[in-house]
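Readers should treat all values here as calculations from the given coordinates under stated rules, not as data from a laboratory. If you're wondering where the values come from, they're calculated on a predicted model, not measured in any experiment. Every residue, glycine among them, receives a Cβ derived from its backbone with ideal geometry; neighbour counts consider all protein chains shown.
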Amino acid sequence: MTAVDALTMARYADVIRLRAVRMVAPHGFGYLGQALSSAELFATLYSRHYDPGRDSLVVSPGHYIIAAFAAAPEAGLLDEEALATYGFDDSALEAIGTERSPAVDLTGGSLGMGLSGAAGLALADRLQGRSDARVFAVVSDGELEEGQVWEAALFAAHNRLGSLIVLLDANDSQVDGPVSSITTLEPIAAKWESFGWAAFDVDGHDTAAIDEALTAATADTRPAVVIGRTSTKHGLSVLPEGADGHFIKLPAPLAEAAIKELEARLA
Amino acid sequence: MLKQPYPTVMKPYGRALVDLARKRPEILCLTGDLTRQTEIDLFQEQIPERFVHGGMAEANMISMAGALARRGFLPFVHTFGVFATRRPLDQIINSVAYPNLPVRIVGFMPGVSSPGGPSHQAIDDVALMRAVPNMTVVDLADATQIRAALPSIADIPGPVYLRLKRGEIPVIFDDDHEFSLTKAETLIEGTDLAVIASGMMLSSAISAADTLAAAGVSASVVNVPVIKPLDADSIISAVSGVSAVITAENHSVIGGLGSAVAEAMAEAAVAVPLRRIGLRDTFAEGSRTASHLFRKYRLGTQDIVDTAWELLRREGQPPQVQAAEAAG
């Protein structure tokens, strides 16, 4: 990857952040932290790896659908104007992913189910002879507390679903606080490896590192997980120190400041 | 309709599924570590390329089945009814029912037919599945109907919960029996009483009607293989001219066939006394044999007869069911 590519992807990540701020701002609160932590993961995936015509995309935690929506226009999956309807009554762009959510193959609000769905899609690709198709699944670290994730991990490894790639947003955030204060998940990479997966542990805000990991994950014949170490406040310095990463309050003055910061960086 | 005692056959479902899958290449067969027990060892042997071991991981299996259905497959998921509905309820709702996907969840060993104790008794599966939007709920315990029903069940556009008896399956209906997914069927016409039954309780309902007939009580028997959507019109028509109604289900009386019939009767303002035969809000212990539990928890043919006798305020002792029929 060239320096220009890296710069382009970093800008794409900030575009995702800016759109997410604008989507949350009218409501005064929302799942902004998820977009801030996963912006580089989505930007890198969409820029250099995910082909919507060939691959499948699963956003397991429906709360992350904001990031998929914000990233979708560049991939030709959603008109940018539609983002303005996010979270309003009767919008197809509900704040937590539903069956009507555009721009993804599968999402849902009851956490821990997406990886099973992704395994099902990968199995379908195999049974239907789509050997070049890959299935990307965005999964959150909090979801690893759900047993079903590990059922799916066992199934995928046993059945050698090598086309399955997880992007794990390890932002150490869940409703009750830092994930690490609720449940010890570490060592995350070793857990996946012991389940038969290839695991790549990277800085989730470093697009070059994510890109390299996704390339290696694709080449590996095992199912693979790219663990992105991230923060729910990354890329937005105006957020107060104690902001709740799961559900960020964004009153109008803060939203204005956030838009100003991101617009300045993108100028 | 054949006469009692009914002949029985082994594994009619397993054979019927293989036959259907030969014609329908989109059918997949998934198992939750209960392959022989759910009659699909034949499928595994004959169509291994469409057979998937989910292992003891029902949540994952159900969510995967939903994803496979999104890609055009028709997944039939097999385990015991209790494991098919309790543990993966959230997965059934979110991965299958809400997206309205054609996943067939096949749960064996209904109600107290299990020798495995309360952990293995699906006594609330119908109630759970009835409450889920988009779900069709079918309860079958006759070999002819299982074979006749499978192609229609495969054609339902949304999800289906199919509840099946395990092991020896009675043959109640003739080969030319026509199965309907939309009609409850009055098998015996009667004027005093209507017995409305599903699944394993159908043969008991027929026996009870025979016993009552010999004692001068004219009982109709209505078979309700599809509990949801309920054919309320046929039910209302069957209960409108009689003096008493009994529902019979191998399930809790809460949320299953009895509840569905009660709801239909209440909404149609049919003021006929109703009794529900089934598990009376209890778990069933002491289960070395199914017949013991059917007696202990008052799910037997004699219980239907006794209930009818009391409900119709007949004088004297209720007639006794012949010993050969009393067990079931």
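Taking N as the number of residues in the protein assembly as shown, what value does Rg over Cα atoms divided by 2.2 N^0.38 Å take?
Ratio of Rg to 2.2 N^0.38 Å for the protein assembly as shown: 1.13.
For the range A:189-267, would you read off the P(r) tail past 15 Å as a percentage of all alpha carbon pairs?
Of the Cα pairs, 67 percent sit more than 15 Å apart.
Could you work out the relative contact order of the range B:26-154? I mean the mean sequence separation of Cα pairs under 8 Å and 6+ apart, divided by the number of residues, in percent.
Relative contact order here is 22 percent.
Using only Cα atoms, tell me the angle between helix B:201-214 and the longest principal axis of chain B; keep it within 0 to 90° and round to the nearest 10.
Its long axis makes an angle of about 20 degrees.
Calculated FRET efficiency, A:R265 and A:F88, Cβ-Cβ r, R0 25 Å, to nearest 0.05?
Efficiency, rounded to the nearest 0.05: 0.35.
So if we plug the beta-carbon distance of A:T2 and B:N100 into 1/(1 + (r/R0)^6) with R0 = 45 Å, what FRET efficiency do we get, rounded to 0.05?
0.45
Where in chain A lies the longest segment free of GluC sites (Glu not before Pro) that are both loop residues by DSSP (not H, G, I, E, B) and have at most 15 other Cβ atoms within 10 Å?
A:100-240
Could you work out how far apart the two model spin labels at A:E256 and A:F29 are, taking each label as a point 7 Å from the Cα in the direction of the beta carbon, and quote it in nm?
2.2
Through the Karplus equation 6.51 cos²θ - 1.76 cosθ + 1.60, θ set to phi - 60°, convert the phi angles of the range B:262-277 into ³J(HN,Hα) values in whole Hz; use x for Gly and Pro.
Here the 3J(HN,Hα) series is 4, 4, 5, 5, 5, 5, 8, 6, 8, 9, 10, x, 10, 10, 10, 8 Hz.
Would you mind ranking A:D206, A:D244 so that the residue whose beta carbon has the fewest other beta carbons within 10 Å leads the list?
Lowest to highest Cβ neighbour count: A:D244, A:D206.
How far is the Cα center of the range B:231-278 from the Cα center of the range A:1-49, in Å?
The distance from the Cα centre of the range B:231-278 to that of the range A:1-49 comes to 57 Å.
Working only with C-alpha atoms, what are the Rg and Dmax values of chain A, expressed in angstrom?
17.2, 53
Enter the angle in degrees (range 0 to 90, nearest 10) between the Cα long axis of helix B:143-155 and the first principal axis of the Cα atoms of chain B, meaning the one along which they spread out most.
For helix B:143-155, the angle is close to 50 degrees.
What is the total of Lys pairs in the protein assembly as shown with C-alpha atoms under 23 Å apart, excluding same-chain pairs fewer than 8 positions apart?
Final tally of qualifying lysine pairs is 12.
Using only Cα atoms, find the angle between the long axis of helix A:32-48 and the longest principal axis of chain A, and express it within 0 to 90 degrees, rounded to the nearest 10.
Approximately 60 degrees, to the nearest 10.
Provide the FRET efficiency to the nearest 0.05 for the A:V175-B:T289 pair, computing r from the beta carbons and using R0 = 56 Å.
Approximately 0.70, to the nearest 0.05.
With viscosity set to 1.306 mPa s and temperature to 10 °C, compute the Stokes-Einstein D of the range B:8-170, Rh being the Kirkwood radius across alpha carbon pairs; µm²/s, no decimals.
After rounding, the answer is 104 µm²/s.
Just report the Cα centroid separation between the range A:112-185 and the range B:1-78, whole Å.
After rounding, the separation between the Cα centres reads 26 Å.
Please state, rounded to one decimal and in Å, the Kirkwood hydrodynamic radius that the range B:1-84 gives when every pair of distinct Cα atoms enters the mean of 1/r.
So the Kirkwood estimate lands at 13.6 Å.
If you look at just the Cα atoms of chain B, how large are its Rg and its Dmax in Å?
19.1, 63
Scan chain B and report its longest stretch carrying no trypsin sites (Lys or Arg not before Pro) that are both in a DSSP loop and have at most 12 other Cβ atoms within 10 Å.
In short, B:4-279.
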